[in-house]
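Quick notes on the structure that follows.
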Amino acid sequence: METATTSKPNLPNDQEESSKQVGLIYDERMCKHSTPDGEDHPENPLRIKAIWNKLQSARITQRCVVLSGKEAEDKHIALVHTQRYIDLIKKVSSKRYDSRREKIASEFNSIYLNEGSTEAAYLAAGSVIEASERVARGELKSAVAIVRPPGHHAEADEAMGFCLYNNVAIAASFLLNERPDLGIQRILIVDWDVHHGNGTQKMFYKDPRVLFFSVHRFDFGTFYPTGDDGSHTMIGEGLGTGYNINVPWEHGQCGDADYFAVWEHILIPVAREFAPDMILISGGFDAAVGDPLGGCRITPYGYSVMMNKLMKFAQGKIVMALEGGYNLDSIANSVLACVTALLEDRPIIGSSEVYPFESTRRVIKAVRGELSVFWPTLSDELPNDLVLTNKETAPVELISRSDSDAESDEDVNAQSQLSEALSEVNRVDVVQNIIQDLSMLKVDEATNDHDADGPLLWRSVLSKIDIWYGSFGSNMWKPRFLCYIEGGKVDGMQKPCSGSMDRSSPKSIVWKSVPHQLFFGRSHTSTWGPGGVAFLHPQSSNTERSYMCLYKITSMTYCFRRMVKMCRLHLLCLT
Ligand code: X5A
Ligand code: ZN
């Protein structure tokens with residue numbers, strides 16, 4: 001059932017000590033799985049190290065129950081894998097296999113094997129079992145298993161896509177079949193890795209006890225793992241019909257707004273009806289902004305919101321297991337945001353694009369159409385307007401970040417530093433401060449004629465909505481800003497801009513000083529020199545003023561990613 005949970009204030013350490021409830025599993029031995037000749041590979045040991053280091057430096061590990069890894073037992077792995085396959089994985093790291101190992105790996109799709117692979121695979125699976133058992137028993141409220149190799153592509157008798165054992169599927173089967181005493185009868189698996197969880201889907205395709213939900217890039221069947229398995233028409237079979245939900249993106253670049261829309265219009269309503277006893281998250285972070293394989297743009301804030309919404313179900317019994325995710329900074333910051341959400345800290349500062357793609361509406365409609373027979377809540381007409389209903393994500397409060405010329409990774413860091421700096425500040429309040437400052441602006445033209453019912457959020461109406469784009473630093477220079485709209489290149493740009501979808505010039509340009517401090521992402525960057533990228537500090541300041549140049553443009557001009565790609569953190573205000 002959905003229960004109202006209010007976020008608690010941060011407790012002092014000694015008070016929190018007695019109530020540690022979030023488990024973290026990490027084990028260095030999982031780093032022993034690596035490419036045999038030390039070739040570079042995106043799925044490498046640094047991934048889990050980076051996550052662990054980040055949690056330590058953010059002083060998060062000491063607020064959690066830290067557990068070391070545990071190897072899975074064969075009989076539990078055998079719940080979803082064939083004995084023949086288990087035997088192969090079991091022995092493939094042994095000396096006897098030194099000469100055959102590479103050949104075996106090459107017979108699978110996107111797999112490498114070395115002397116450490118077997119142990120890591122057993123630890124990854126066993127650690128997710130361990131975390132799940134403790135959460136199911138109520139010993140932990142929730143848990144995060146920082147494991148590798150990942151699991152969701154692994155099928156009953158096949159390794160693939162960097163995955164050996166299907167860690168999450170093994171844990172789900174374990175709870176349902178081996179531990180009926182724990183009372184977990186229905187499990188929701190949320191797979192937000194950018195790739196389809198083909199292995200997990202197959203393992204529970206006919207099983208109504210497991211609702212498998214996967215949102216992934218599909219690109220009409222051309223994105224890994226390719227083929228039709230990830231299609232929205234794959235809804236389960238037999239008794240399991242209706243218990244398999246795929247949300248297949250048509251293209252990359254999907255971000256917070258697209259995921260929030262899917263949560264709001266598919267996952268959350270279905271979860272409410274399914275009423276899971278436990279949620280397992282196949283937590284890949286390759287849909288995060290900055291990932292080299294995924295091409296999507298979920299921010300740490302986006303992950304924290306997605307997590308937060310799931311915490312309303314299953315009495316908060318959530319186990320998140322790492323799957324993919326290949327930008328070390330992105331995965332570290334994203335996992336940190338998820339753990340912070342599980343700890344029920346104050347929400348981190350938001351920074352999302354507000355508008356879902358038009359294709360997102362199409363995808364959501366298709367999924368709902370396919371499944372509304374089984375989930376009546378999905379048969380309601382899809383609202384034409386509001387996507388983000390809660391206050392934190394209302395469009396008028398938008399602060400949006402996006403990558404600038406070749407600096408996206410650094411911006412991710414800067415963004416997380418900003419979040420850190422603001423962690424003590426109430427977000428809604430501070431954002432409102434800025435909005436207030438800006439609302440004093442006289443809008444010099446007739447206001448828009450869009451419906452007064454509320455903001456319209458789908459891209460089809462974006463060209464009718466005007467916004468104020470607030471720029472600081474180099475973007476205050478008009479010729480530079482115009483390049484974003486019209487295309488072209490000025491001094492200081494590394495490559496030409498391709499221009500925006502709506503190329504109309506700003507309708508108005510206003511200079512304004514606001515009572516806020518400028519915040520600098522870091523001490524120095526090659527492109528921008530000392531200070532790096534500037535952000536407007538959301539907290540109002542009595543003493544400091546920042547000068548900004550506001551451009552009035554349509555949200556279509558702003559939202560189209562070819563332009564957004566060229567911008568830095570900006571402040572927007574719907575007129
Ligand atoms: C777990 C995961 C990706 C495999 C991509 C292969 N696998 N090209 O993210
Ligand atoms: Zn993936």
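The values are calculated or read from the model by the stated rules, or taken from the named source; none is laboratory data. This structure is a prediction, so every number in the text was calculated from the model and none was measured. Neighbour counts run over all protein chains shown; Cβ positions are idealised from the backbone, glycine included.
All conditions in (1) at pLDDT below 75; (2) assigned to a loop (DSSP other than H, G, I, E, B) hold for Phe519, with the sole exception of (2).
Residues in region 190-228 that are part of a loop (DSSP other than H, G, I, E, B), near ligand 2 (Cβ under 10 Å from one of its atoms) and under 18 Å from Gly242 (Cβ atoms): Gly197 alone. Residues in region 137-159 that are crowded, with 21+ Cβ neighbours inside 10 Å, more than 9 Å from Leu322 (Cα to Cα), away from ligand 2 (no atom under 16 Å from the Cβ) and aliphatic (A, V, I, L, M): Leu140, Ala143.
For region 265-286, give me each residue that is aliphatic (A, V, I, L, M), over 20 Å from Phe218 (Cα atoms) and either away from ligand 1 (no atom under 16 Å from the Cβ) or modelled with pLDDT under 95 (or both). Correct list: Ile268, Val270, Ala271, Ala275, Met278, Ile279.
Among the residues of region 290-308, those that are within 16 Å of ligand 1 (Cβ to nearest atom) and either under 11 Å from Ile279 (Cβ atoms) or part of a loop (DSSP other than H, G, I, E, B) (or both) comprise Gly290, Asp291, Pro292, Leu293, Gly294, Gly295, Cys296. Among the residues of region 282-308, those identified as touching a residue at least 60 places away in the same chain (Cβ under 8 Å) and within 22 Å of Thr377 (Cβ to Cβ) are Val305, Met306. Just one residue in the set Arg84, Arg101, Arg96, Arg63 is crowded, with 19+ Cβ neighbours inside 10 Å, more than 32 Å from the chain's Cα centre (by Cα) and assigned by the TED database to the domain that holds Ser334; that residue is Arg101.
Residues that are more than 13 Å from Ala121 (Cβ to Cβ) and of a type in the set (Ser, Thr, Tyr) within region 74-105 comprise Thr82, Ser94, Tyr97, Ser99, listed in sequence order. Scan Ala154, Ala124 and give me the residue that is touching a helix residue (DSSP H, G or I) at 6+ places or on another chain (Cβ under 7 Å) and more than 30 Å from Leu343 (Cβ to Cβ). One residue alone meets the criteria, Ala154. Of the numbered conditions (1) surrounded by fewer than 16 Cβ atoms within 10 Å (Cβ to Cβ); (2) at pLDDT 65 or above; (3) part of a helix (DSSP H, G or I), Arg480 satisfies every one except a single condition; which is it? Going through the list (1) surrounded by fewer than 16 Cβ atoms within 10 Å (Cβ to Cβ); (2) at pLDDT 65 or above; (3) part of a helix (DSSP H, G or I), Arg480 breaks only (1).
Whether a residue is among the small types (Gly, Ala, Ser) and in contact with a strand residue (DSSP E or B) (Cβ under 6 Å, 6 or more places away or on another chain) was assessed, and Ser334 passes this test. Among residues of region 131-144 that are among the acidic types (Asp, Glu), those with a Cβ under 8 angstrom from a residue that is part of a helix (DSSP H, G or I), sequence gap 6+ or separate chain, pair up as Glu133/Phe174; Glu133/Leu175; Glu133/Leu182. If you go through region 146-175 and keep only what is over 18 Å from Asn114 (Cβ atoms) and in contact with a Leu (Cβ under 7 Å, 6 or more places away or on another chain), you end up with Ile146, Val168, Ile170, Ala171, Ala172, Ser173, Phe174, Leu175.
In region 309-332 there is at least one residue matching the filter, namely being in a helix (DSSP H, G or I), in contact with a helix residue (DSSP H, G or I) (Cβ under 9 Å, 6 or more places away or on another chain), within 16 Å of ligand 2 (Cβ to nearest atom) and of a type in the set (A, V, I, L, M, F, W, C). Selection over region 489-506 of residues that are closer than 13 Å to Thr557 by Cβ and of a type in the set (Lys, Arg) gives a count of 1.
Filtered by the rule that a residue be within 10 Å of ligand 1 (Cβ to nearest atom) and out of contact with any His (no Cβ under 6 Å at 6 or more places or on another chain), region 151-190 gives Gly151, His152, His153, Ala154, Phe162. Looking at region 222-253, which of the residues that are more than 24 Å from Lys206 (Cβ to Cβ) and in contact with a strand residue (DSSP E or B) (Cβ under 7 Å, 6 or more places away or on another chain) is surrounded by the most Cβ atoms within 10 Å (Cβ to Cβ)? That would be Trp249.
Testing Gln185 on (1) assigned to a loop (DSSP other than H, G, I, E, B); (2) crowded, with 24+ Cβ neighbours inside 10 Å, one condition comes back false. Which one is that? Looking at each condition in turn, Gln185 falls short on (2). Per the conditions (1) touching a helix residue (DSSP H, G or I) at 6+ places or on another chain (Cβ under 8 Å); (2) crowded, with 17+ Cβ neighbours inside 10 Å, the sole criterion not satisfied by Glu130 is (1).
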